[in-house]
Amino acid sequence: MFTFRSAALSDIGRVRRENEDRALHDPELGLFGVADGVGGLPGGAEAAQYTVEQIAEGVRGSTDATPDLVTITQHVSFGVQRLGSQLSPTFGIGSTLTFGHVTAKDIIRIAHVGDSRCYVLNGRELLQLTEDHSVENEARLRRARGEVVSYPESSRAALTRCIGQPTPPEVDLIERPLRKGDRYLFCTDGICRVVRDAELAAFLSHKLDPDEILAEIVDVALQRGGPDNATGVLLMVD
């Protein structure tokens with residue numbers, strides 16, 4: 001039998017005028033994750049807020065012992081698209097979404113769309129469990145298959161999938177058995193683009209409470225200019 005400790009922290013950073021990140025932190029439902037309103041589009045905060053609220057509603061309302069996270073996520077994406085038609089008819093709105101659901105069978109199931117991330121530390125090894133859905137990453141994967149791919153440098157970080165896109169997004173689903181000592185970090189790119197993986201591993205190794213660890217991580221992002229909203233949710237398995 002495992003016990004859990006968790007925390008969530010979000011900071012506007014030192015450049016943005018609005019915090020368009022949202023944390024999904026509902027220990028009662030076993031939900032932990034982040035959403036990041038798509039930059040460059042209006043309504044990012046509304047998209048992220050709707051996303052985390054409706055994911056929680058979808059899991060809470062599921063009659064299955066193991067909720068279908070892919071279907072729930074795609075349904076939420078449709079809702080964001082519909083909201084976007086009201087708030088921003090010309091451009092739409094969008095959000096990233098990376099979240100985990102802890103099941104009664106001591107398994108964590110992670111659903112992922114966009115370029116927010118989920119890491120896990122067990123012992124001293126830090127693993128990035130998610131792949132960024134970006135133009136740069138997609139080009140790298142296609143090149144590995146032998147395709148010739150080019151893209152403008154200005155588009156390298158552009159998303160290839162998001163919540164709220166016109167068609168149902170392909171949702172990456174990852175399942176892992178929980179292990180004692182696991183530390184799962186869900187974070188937006190305001191953290192993972194500023195704080196190096198080796199540094200994250202060091203912070204997650206600290207024998208501190210989850211809120212203290214998150215405060216240390218976010219503080220580093222702020223010290224390095226806080227170029228974006230910085231949001232993290234940390235789940236510790238004891």
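Each residue in region 70-100 was checked for being closer than 18 Å to GLU57 by Cα and in contact (Cβ under 8 Å) with a residue 12 or more places away in the chain, and 18 pass. Taking the criterion of being over 23 Å from ALA221 (Cα atoms) and either aliphatic (A, V, I, L, M) or surrounded by fewer than 21 Cβ atoms within 10 Å (Cβ to Cβ) (or both), the residues of region 6-51 that qualify are ASP26, PRO27, GLU28, LEU29, GLY30, LEU31, LEU41, PRO42, GLU46, ALA47. Restricted to region 159-189, and to residues there that are outside any strand (DSSP E or B) and among the charged types (D, E, K, R), the residue that is nearest to ALA47 (Cα to Cα) is ARG161. One residue alone among ALA45, ALA65, ALA8, ALA104 is within 18 Å of the chain's Cα centre (by Cα) and under 24 Å from MET236 (Cα atoms), and that residue is ALA8. When the strands (runs of 3 or more DSSP E) confined to region 1-50 are screened for residues that are within 21 Å of LEU69 (Cα to Cα), those reaching at least 3 such residues are found at 21-26, 31-36. Within region 158-171, being buried (at least 18 other Cβ atoms within 10 Å of the Cβ), of a type outside the set (A, V, I, L, M) and touching a residue at least 60 places away in the same chain (Cβ under 8 Å) holds for CYS162, GLY164, GLN165, PRO169.
Under the condition of being closer than 18 Å to LEU200 by Cβ and assigned to a loop (DSSP other than H, G, I, E, B), the residues counted in region 97-132 number 8.
Within region 88-107, the residues that satisfy the criterion of being β-branched (Val, Ile, Thr), surrounded by fewer than 23 Cβ atoms within 10 Å (Cβ to Cβ) and in contact with a strand residue (DSSP E or B) (Cβ under 9 Å, 6 or more places away or on another chain) are VAL102, THR103, ILE107.
Throughout, read-outs are computed from the coordinates displayed, never taken from laboratory work. Remember, it's a predicted structure, so these values are computed and weren't measured experimentally. All Cβ positions, even for glycine, are placed from backbone atoms using ideal geometry, and neighbour counts span all protein chains on display.
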